[in-house]
Structure formats: C-alpha cells, structure tokens
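Have a look at the structure below, then the notes.
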Amino acid sequence: GVQLSQELAEILYAHTEGNPFFLTEVISLLAERGELESQDVGRLRVRIPEGIREAIGQRLNRLSEQCNQALTTASIIGREFDFKLLISLNDEGIEDRVLEALEEALAARVIEEASGTIGGYQFTHALIQETLSLELSATRRARLHARIAESLEELYGDNVESHAAELAHHFSEAEAVLGTEKLVHYSLLAGERALAAYAYEDALTNFERGLVARDITLSGTEAASDEESAALLFGLARAQSATFERHQLGKVFTTLNRAFEYYAEAGNVAQAVAAAEFPIATPSFRFPGIVELLARALTLVPADSHEAGRLLSRYGGILGGAEGDYEGAQQALGRAISIARREGDVPLEVQTLAYAADVSARHLHRQESVDSGLRAIELATGDENPFSEANSRYWITQSLIYMGELDAARPHALVLRDLVERRSISRLLSSRVFVPIASLSCLEGDWKAAREYSDRGLEVSPLNPELLMPRVLLEHETGETAQGEIYLERFLQAMDQVGPDPFHAPVRASITIPAIARISGVPDRLGIAEAAAEAVLSEQSLAPNRALQTKAGLALLAVQKGDQSAAEERYADLLGQRGTMILTVSSVDRLLGLLSQTFGDLDQATVHFEDALAFCRKAGYRPELAWTCCDYADTLRERGGAGDEEKAVALLDESLAISSELGMKPLIERVQSRRENLGPEASDDSKSLARLVEESAVTTPII
C-alpha cells in the first residue's frame, strides 16, 4: 500500500535482487520500523532480517569448515573478490586448499565466477556476503580490513586513485588498527572522483567520513585549519549542494565559507576563487555574507584577470538575483563576458550568459533573457558545468511561456527533461527543471502530462513551491478538490520552512490562494494570501518578477472582494505587462479586464478581454482561453449593449466546449449556470454541447 520512490526501489533491489523471500522479509522489517515512507532514503541502512539470516545460515552449514573460512575472509573483501588477494589473506596461504574451497562454494552456488576476469569471483547474493561478514568479531573484522587495505595499496601501485573508494572503505573499517591518515587521504580522493562522476551521495559519504576521522564538526562555522580539511569541506559543500533540499542550502554556504576562509588566509588564490565562484544555487538565494565573500575574493586577484572574470560572473548573478541590482549585475556580467572572450574561455562565457538570462528574466526583460540563453546554448561545447545548461534552458522556457510562445518553448522543455534523465544535475535542479515542463503542460490543458512531470519533480523535492503551485491549481481546475487540498497543505507547509530564499513560497501563495478561490467560488484562506503578499512587498530588494507575481495575486484578491479602490491600484501595477502570462494562473490581459470590470469601466474591460482572447488563441493556452471567454461573457452581459448578449452566448459556448473537452468541472458548472440565466433554450443547447464534447474528447500528451 506504499508508493515507493525510485531511489528506495533501487535500494531494495540492490539488497534483494528481486529474490521473493528476501524482498518480503526486508520489506516487512522496514514496514515494522516505519521506514518504507522515509524521506531520507539515501541514508537508509537495510539490516538483514532474522528470517533471511537463518535461511542463509542453513545453506552455509552444508559447506565444509574450510570452505566457510575462505568465504568468511572473502566476505570482508566485498561482494566481488580476487583469488590472489584471498590467497594473501589466508593464514595457511596454500593455493590448492583455497581453490578447493572456492570450487565447493561454486558447486553450491554460493559464489560464481565474475564475467570477463580470470581469478575473479563474486557472491551470488549480497546478503550472503553480508551474513558471512557478520559472523566475525569486530576485532577480527578490523584486522582483516587492515590487511586487505595494505594488500590492495601494494596491488594497485600507481593506480590507487582509481580505486580510492574501495581503499577508503577498508581503511575506514580498519581505523582502530591503522589510524586515520590514509583513511582521510583516500576518502578525499574518493569524494572528488565521485563528484566528477555525478555520484553525489557517494561523494557526500566520503567527505563526511574524512571529516569525522579528522574530528572536524560537520555543522561548525570555524574556518578550516589546514589544506586537507579545507579540501574536505569544499568537497562536502559541493556534494551537499547537489543533494540537499532548498531550505537546507544555507548550511551549504556555511560549509563553503569555512573552506574559503582558509584558502583566502593561506594565500591559496586558485582554491579561494574556485570556492567563491561555485554555484551553490540559483542567484536568487540570499545567503548572508555571500556578497561580501565575492567582494573579498575579487580583492585577491588583479582587476582584469581571468580569475576576476570567473568571480564577476557569479557576482553579477547574485547582484541581479538576490540583491535586485539590475544595473550592477549588467556591469559585472558585461566585464565577465569581455574577459571570457579575451581569454578564449567559452565555458565561462556560457556560464555568464546563463546568469544574464536569469537576471534579465527576473527583471522582466523577457526577450533579453531568451537572447542570452540562446547565445549560451549556441556557444556551448559540452565542457560547461550542468548548472549553466539547465539555467539557460530553464529561463528560455519560462520567458517564452510568459510571452505566449509555447511552440518555441517546447524543445527547450524536452532538453530539460533529458538533463534529469542523465542524472548529471543536482537535486535542486532536478526538481526545478520540471517546473517549466509541468507549467507548459498545464497551460495547454494536458493534465495527464502535467501530473506526471509534477510527480517526478515532487519525488525529488516534495515541498518545492514551484511544482506544488501548478499541481494545486490543476487539481482544482479539474474538480479534484480533495487532491487539491492535499497539495495545498503541502504548499502551506513549504511556507513554514526557513531557508535562504524566504519569499519563494509566499510569492506563490499570494497568487495561488485567490486563484483557487476564483476557480472554486469558495473564498478560503484569503487572509493567508494577503499576509503573504504584504510580507513579500515589504522586502526592499525584491526582484521585479516576484513583485509582479505578488501584485497579480493582490489583483485577484481585489476582484474576489469587489474592492474598487484596490482594483484601480493593481490595474496601474499590471498595465505595462500586457501580452504576457503570469505563471500558470492568468494572462495579464484577462486580469486587466477583471480589474476594469471591478472598478466599473466595462468598455475598457472588453478591450482587455479581446486582447486576452487573441493572446490565448495565438499561444495555445486553452484553459486560460476558456476562462477568458467566460469572464468576457460576464462583462458583456453586465454591459448589456447592442449585440452583447449574442456575443456572450457565443463566448460561453466556446468556453463550455473547451472546458468540457479538458474536464474543467468547476468552469463547466460556472458556464452552465450563466447559460441558464440566459433562458431555457440556451441552457438546453449548453447541456447538449457539453455531452457531445465530453463523449468525443480525446486528450493527446504533447510532451
């Protein structure tokens, strides 16, 4: 009865390999411990249930003592082991006896020969190896690990770096015997190799292990004491940034700062620059001290140097995103691009253009954002960090969606999806890249695709407001109110999280809640939306895109309350953004029409609704078109001019056709109630049309 995450399913398979008995026993144990629905599955340790231990024990009891001894030693090496290494660990060291033991184990199918190697073996099941290793005392295990570690070092010779993870494991298990020096050394090497391979969880484990061995507090704030500890902390920060949730990223900056402080004081400029420029998160995240850190790093390098260009790239992104300083950002980014071109550093230019796309979009320069992002993609050679490509594609897609260019946005959304499937990007980015894909699907009314992409993103980050917002709205749009409330509760829970981007959820709450009220006709939680909006707009360095979204939420609140004065104020706020879309909630033109209707200028409202119709038809935003038709019809019926009623009927028919095809139950009911007010004949036509469309409706996934 539990929907497993992909990560937990992989962990279960790794331990049981699909063996029905093993799988049943492990799942039962996890269920008893309440761990089947754990959010932190990366750190889940699956112990061997007693039933499995007994079953494996009975199988091993049939083997000779000599065979069991050889297998027990082999189990300490690992799931896979080498004959030569096993011989060197055997106390008697007689090849024939060890070979006889292995042949007995092969016959019993406890082990098998590893494919593609001579002298290589592996246990047929991981749980057999684990059961055998647990038969030894802790002291005996530690001493065997020590012998294995030293033997492997000698065996690998100059190639030890390629086997750093294996060596770190054995030196860790042998810490009581051999101490910590080589444990720390190989943990650092293993962590760096894991980062290079995008194995972020493995990297996190290795860096943490090295720091613990050095007796360095993981959550401390003090600067690193030497080069090795600084390297471990810098590695840990990079691994954390790829695995932590949004609200935890402040801890990542603290870790990064500990490494930077050492490098800056020690005069290791190269590493200080690397730490300062590392993209922990998108530039909108306000980490206390990050601007000061970058400013200090810039004092360490010549003003027009290559290193300065790298720092200015990140600095410009932060100024434009977190600090709201568009002019300062443009200057820093422009200098970074000039340096990148002079140095022939294409990845730096691509990264800087990606930041420029980010900053421009946040300051409502949508076409400028698209142009910068497209230039970054055009220049990219494949050597750039994944953050640059994801950031470019994200803002291109979002900007095109806001501009109503759905067909142009679609290819970039598909690339974002592929980036996630390659698993080369961080946890935060993996969740974030599904936002424009889910939004695009919602805007064209492909609810099935929108739910699928929302689910995939929320599996990675269950409390991501950017993904929860369209999910809340689509569930209410389709009449799935109970589901909508479940996601709304999660959305409100996300608002309680304290992190480096405190207004991320409140901005969306300020517009989502009144949008739900308009869809459902139930004015719940409007006070929460209003309080959220006030808190957001009190922020001095608020990015213009967030200010716009928040004011759009207040516009919907004014419409819901029929507040004429507030409607006039919000009309002035939004007028300059005609011909664009606000998230997945409403076109600006429809909002302007609703505001005009609220403060009584019905002729002006019809002009805005006409613009909204044209925008939605061109963009292909069918749910928004259906709502525009209905709202426009309301205005025409209220105005009551020549031909207004006939046009209102036609608009209601169009709204009903679209909403029936897309299953927008609340809007269907709304339109039908309007038609009933126009007389029984119109009402009957409405119901017949709804039945006809519903019977013939076919939804085709677009992405």
- request: Could you work out the local net charge near GLU222, counting Lys and Arg as +1, Asp and Glu as -1, over the other residues with Cβ closer than 14 Å to its Cβ?
  value: -2
query: Hey, any idea what % of the chain's accessible area is carbon plus sulfur with a 1.4 Å probe?
result: 47 percent
Other-chain or far-sequence residues with amide H under 5 Å of SER587's (modelled H): ILE582
query: Taking only Cα atoms, what is the 0 to 90° angle, nearest 10, from helix 544-561's long axis to the longest principal axis of the chain?
result: 50 degrees
- line: Rounded to the nearest 10, the angle in degrees between the Cα long axis of helix 164-173 and the longest principal axis of the Cα atoms of the chain comes to 70 degrees
- prompt: What is the sum of charges around SER441, taking Lys and Arg as +1, Asp and Glu as -1, for the other residues whose C-beta is under 9 Å from the C-beta of SER441?
  reply: -1
- request: Provide ASP82, ASP634 ordered by accessible surface of protein heavy atoms (probe 1.4 Å), highest first.
  value: ASP82, ASP634
- request: Compute the Cα gyration tensor for region 291-348, then decide on rounded, prolate or oblate, letting a ≥ b ≥ c be the square roots of its eigenvalues: rounded whenever a/c is under 1.5, prolate when a/b is larger than b/c in the other cases, and oblate in all that remain.
  value: oblate
field: Mean accessible surface per residue for region 295-442, computed with a 1.4 Å probe while every protein chain stays in place, in Å²
entry: 34 Å²
- request: Rounded to whole Hz and in sequence order, give me ³J(HN,Hα) for region 293-306 from the Karplus expression 6.51 cos²θ - 1.76 cosθ + 1.60, θ = phi - 60°, writing x for Gly and Pro.
  value: 4, 5, 5, 5, 4, 5, 6, 7, 10, x, 4, 10, 7, 4
Estimated [θ] at 222 nm from DSSP helical runs (n ≥ 4, -39500 (n - 2.57)) normalised by residues in the chain, nearest 500: -23000 deg cm²/dmol
query: If packing is taken as the mean number of other Cβ atoms within 10 Å per residue, what is the order of 285-291, 586-592, highest first?
result: 586-592, 285-291
message: Just to confirm a number: summing +1 for Lys and Arg and -1 for Asp and Glu over residues other than GLU489 whose beta-carbon lies under 13 angstrom from that of GLU489, what do you get?
response: -1
Whole-number percent relative contact order across the chain, with pairs defined as alpha carbons under 8 Å at least 6 apart: 7 percent
message: Using amide H atoms built in the peptide plane, which far-off residues or other-chain residues are under 5 Å from ILE111 H to H?
response: LEU106, THR124
message: Using each residue's phi in region 369-381, evaluate 6.51 cos²θ - 1.76 cosθ + 1.60 at θ = phi - 60° and report the 3J(HN,Hα) Karplus result to the nearest Hz, with x for Gly and Pro.
response: 5, 4, 4, 5, x, 5, 5, 4, 5, 4, 7, 4, 10
- prompt: In whole percent, what relative contact order does region 329-369 give with Cα contacts below 8 Å and a gap of six or more residues?
  reply: 33 percent
field: HN-Hα J in Hz across region 101-109 - Karplus 6.51, -1.76, 1.60, θ = phi - 60°, x for Gly and Pro
entry: 4, 5, 5, 5, 5, 5, 4, 7, 6
- prompt: Can you give the accessible area of LYS551 in Å² (nearest 10), computed on protein heavy atoms with a 1.4 Å probe?
  reply: 60 Å²
task: Please determine, in degrees from 0 to 90 and to the nearest 10, the orientation of helix 526-537 with respect to the longest principal axis defined by the Cα atoms of the chain, where the helix direction is its Cα long axis.
output: 80 degrees
task: With a 10 Å radius around each residue's Cβ, average the other Cβ atoms per peptide and rank 168-179, 67-78, 404-415, highest first.
output: 67-78, 168-179, 404-415
task: Pairs of Cα atoms under 8 Å, at least six residues apart: use those to get the relative contact order of region 456-498, whole percent.
output: 40 percent
query: In what sequence, largest accessible area first, do PHE609, PHE21, PHE244 appear using a 1.4 Å probe?
result: PHE21, PHE244, PHE609
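The values are calculated or read from the model by the stated rules, or taken from the named source; none is laboratory data. All figures in this text were calculated on a predicted structure; none of them were measured in a lab. Positions of Cβ are generated from backbone atoms using ideal geometry, with glycine treated the same way; all protein chains shown enter the neighbour counts. Ligands, DNA and RNA are excluded from the accessible area calculation, which covers all protein heavy atoms including side chains. Shrake-Rupley method; radii C 1.70, N 1.55, O 1.52, S 1.80 Å.
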